[in-house]
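Right, one structure below, let's go through it.
Rule-based calculations on the coordinates, nothing more; no lab input. The shown structure was predicted, so the numbers you read here are calculated from the model rather than taken from an experiment. Positions of Cβ are generated from backbone atoms using ideal geometry, with glycine treated the same way; all protein chains shown enter the neighbour counts.
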Amino acid sequence: MFSDSLKSITRIMKKNDVDFDFQFKVRKYLEYCFQEENEWEKEEIIFNKLSKSIKDEYHYQIYGKKFMNLPFFKHNFSHKCLKAMSKIIKKVDLGPEEHFIKVNYHILLIIWRIEREET
């Protein structure tokens, strides 16, 4: 499937006289995306086999500890809140030269509600 897609995009770029260096860049980027997608799918299959408690601890080990290393989170949120936040964080993979600038107001609202319930 991937090789068919790669052949198709190469054919389209050649047909439209796209610069060879740019064609190479597009092919490399698509290869990178395909590899990342395959790794993500493998990780997801394995992750889905875990029990809920192990998944929760896994999320805390990956994300919760990172929160604790950031002074803003460490000084403004309880351990319980950070543990709860670690369960709802979603990994976002970006390709080369991509930037993530997005404020998720839903997550901020959840954080506010969790903190409010603790007091």
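Which of the peptides 82-88, 58-64, 7-13 is most tightly packed, and how do the rest follow, judged by the mean count of other Cβ atoms within 10 Å per residue? If you can, show how the numbers build up before the last one.
Values: 82-88: 18.9, 58-64: 16.3, 7-13: 12.9.
Result, highest mean first: 82-88, 58-64, 7-13.
Could you sort the peptides 69-78, 22-31, 45-54 by per-residue average Cβ neighbour count (10 Å cutoff), highest mean leading?
Put in order of decreasing packing, that is 22-31, 69-78, 45-54.
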